[in-house]
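The values are calculated or read from the model by the stated rules, or taken from the named source; none is laboratory data. Quick caveat, the model's predicted, so the values are computed rather than measured. Please note: Cβ atoms are built from the backbone with ideal geometry, for glycine as well, and neighbour counts cover all protein chains shown. Just the protein is used for accessible areas: all its heavy atoms, side chains included, with ligands, DNA and RNA removed. Shrake-Rupley method; radii C 1.70, N 1.55, O 1.52, S 1.80 Å.
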Amino acid sequence: MTQDSFFETLERQYQNQLPFVVYSRAINSIIKCWLQNDDSLYTTSDFTESGFVFAPFDLSDKSILLPEANCEHLTLEISNLDLDEDFKTTTIENYGEEQHVQLVTKGIDAIKQGELSKVVLSRKVEKDIESTNPLTIFKRLFNTYKNAMVYCWYHPKVGLWLGATPELLFKVEGKQLTTISLAGTQPYVETEDVSWTNKEYEEQQIVTDYIVQQIEPHTKDIKVSDVETVRAGNLLHLKTYIHSQIKSDSNLKSVIEALHPTPAVCGFPKETSRQFILKNENYKREYYTGFLGELNLKSSKTRNTNRRNVENNAYTVVRKHSNFYVNLRCMQLKDKKAVIYVGGGITKDSVPQNEWEETVNKTKTIVNVLS
């Protein structure tokens with residue numbers, strides 16, 4: 001399939017107001033799209049179905065499902081997408097500094113009083129857009145953010161979301177569970193060596209320790225990698241991989257409930273942080289800091305890799321796999337506005353003004369693809 005026919009099909013789906021998702025996983029030259037054949041709103045609560053899931057921050061709200069059986073599936077393999085026009089990067093007026101600094105200060109006070117170890121506080125910024133096509137924005141995201149999972153998701157009964165998220169919530173292949181802890185943020189500067197503060201390493205360790213603690217009842221053989229620095233667009237983060245095996249008496253829903261939301265998007269302890277967020281952020285996150293991705297898709301693999309041994313090649317292993325990404329660095333297109341969501345992790349050593357500047361830097365990930 002050519003790029004033109006791939007995106008013409010997507011454009012028709014969008015013009016007909018039918019649900020779809022188009023996405024590409026990090027460091028991947030494959031773009032996939034799912035085209036739902038009607039405008040029905042399918043949901044999941046037990047995550048036993050097969051499809052593409054779009055889940056909110058608060059799982060008491062609906063997790064939207066594009067069912068595999070109700071969708072046409074297209075694939076495009078390409079390293080860079082052609083764009084019909086040049087575009088200039090734009091700027092955004094980051095209003096609300098005083099309110100965000102006050103919010104962060106309140107979070108730091110709660111931590112110092114012993115109520116929390118960490119809380120993730122966020123805000124949203126709105127930018128007027130006249131006629132920006134969401135598929136054009138997706139193309140810019142794909143070309144710009146190679147180290148992120150980029151997507152454009154649409155349902156006429158829910159809304160239109162785009163993003164470039166660097167954070168894997170987890171992936172499952174058979175019984176093998178892989179998740180990451182991702183925390184700490186600083187601007188990427190090509191000419192400078194990377195250094196991290198104790199505050200940032202502490203924030204990362206909180207996330208790692210929490211994830212290990214949460215998956216222990218559901219998995220075995222847990223292995224934790226060394227901390228490394230990774231780049232996502234114009235930002236750098238600290239990252240740790242955590243591998244384990246899901247126990248026979250656990251299921252996907254129990255793993256989701258154990259890991260979502262992580263301290264990277266909520267805080268620690270989880271429920272106390274979640275309540276602090278709901279009480280003090282003064283806006284509804286919706287699908288920001290939720291998760292999205294492939295749910296229970298089947299893949300097969302031959303047990304014998306020797307192609308000459310035809311008899312053994314008949315024995316194949318069919319496994320289910322799921323890949324979920326945290327919905328960060330995202331925006332919602334709504335009423336000719338781009339609603340951009342950004343946040344940051346707060347610990348006892350946080351400096352409110354620095355946390356404001358971090359959110360300003362994070363807006364650039366999305367704003368840079370708006371013209």
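Listed values, structure above:
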| read-out | value |
| --- | --- |
| Gained length - S5 relative to D39, 0.36 nm times residue gap less alpha-carbon distance | 10.0 nm |
| Charge tally in the Cβ shell below 12 Å around S45, where Lys, Arg are +1 and Asp, Glu are -1, S45 excluded | -2 |
| Solvent-accessible heavy-atom area per residue, rounded to whole Å², over the chain at 1.4 Å | 47 |
| Candidate aspartates and glutamates - alpha carbon under 14 Å from K139, same-chain residues fewer than 8 apart omitted | D4, E8, E11, E77, D82, D84, E85, D86 |
| Charge sum, other residues only, whose C-beta stays under 13 Å from K175's C-beta, Lys/Arg counted +1 and Asp/Glu -1 | +2 |
| Anisotropy class of the chain from Cα gyration tensor, a/c 1.5 cut | oblate |
| Estimated distance in nm for a label pair at K157 and I129, the labels positioned 7 Å out from Cα along Cα-to-Cβ | 2.5 |
| Apportionment of accessible area to carbon and sulfur, the chain, percent (1.4 Å) | 44 |
| 3J(HN,Hα) from dihedral phi, region 124-129, Karplus parametrisation 6.51/-1.76/1.60, rounded to Hz, x for glycine, proline | 10, 10, 10, 10, 5, 10 |
| Two-site FRET efficiency, V318 against E98, from Cβ-Cβ distance with R₀ of 51 Å, rounded to 0.05 | 0.35 |
| Cut-off 10 Å between beta-carbons: net charge of the residues surrounding W161, Lys and Arg +1, Asp and Glu -1 | 0 |
